[in-house]
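The values are calculated or read from the model by the stated rules, or taken from the named source; none is laboratory data. Because the structure is a prediction, the values reported are computed rather than measured. Here Cβ is always computed from backbone atoms with ideal geometry, including for glycine, and neighbour counts include all displayed protein chains.
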Amino acid sequence: MPSRLRFLFDTGSGICLWAGDAATEERHGLAVEAQALPLPPELVAEVERLTTFWDTGIDWNNPGGPSPWTAEDERDFQEQADALLERLRAALGPGFEVVDERRRL
């Protein structure tokens, strides 16, 4: 049975991969660091870059307020996240199931 990973961005966590079942959590922990997975370094760097980009979508002086992102920023992020998700799925292969659970701003 493949390891199940949830793909979602949690503001301030620095993580976009989370265990999706008990067996995966036991093996990798709840918050799954990209560098702990069998991923090439450039893909790990892309995960880190996009996770950092996600954190710019919140006004840290007014976290409950509106996002400082424009509609174009949101589109750009979602396109990059879509591409990252596909790259993760391809790189991890059949040993992992990566489920898209993103929320939109």
Original post:
Looking at (1) out of contact with any strand residue (DSSP E or B) (no Cβ under 9 Å at 6 or more places or on another chain); (2) of a type outside the set (A, V, I, L, M); (3) surrounded by 18 or more Cβ atoms within 10 Å (Cβ to Cβ), which is the one condition that is false for Phe7?
Top reply: (1)
Original post:
Residues Glu74, Glu79: which one is surrounded by fewer than 15 Cβ atoms within 10 Å (Cβ to Cβ) and free of Cβ contacts under 8 Å to residues at least 24 places away in the same chain?
Top reply: Glu79
**OP:** Determine which member of the set Trp54, Trp69 is surrounded by 15 or more Cβ atoms within 10 Å (Cβ to Cβ), over 17 Å from Phe7 (Cα atoms) and modelled with pLDDT of 95 or more.
**Re:** Trp69
**OP:** Please verify whether the range 2-22 includes one or more residues that are in contact with a Gly (Cβ under 6 Å, 6 or more places away or on another chain) and of a type outside the set (Lys, Arg).
**Re:** yes
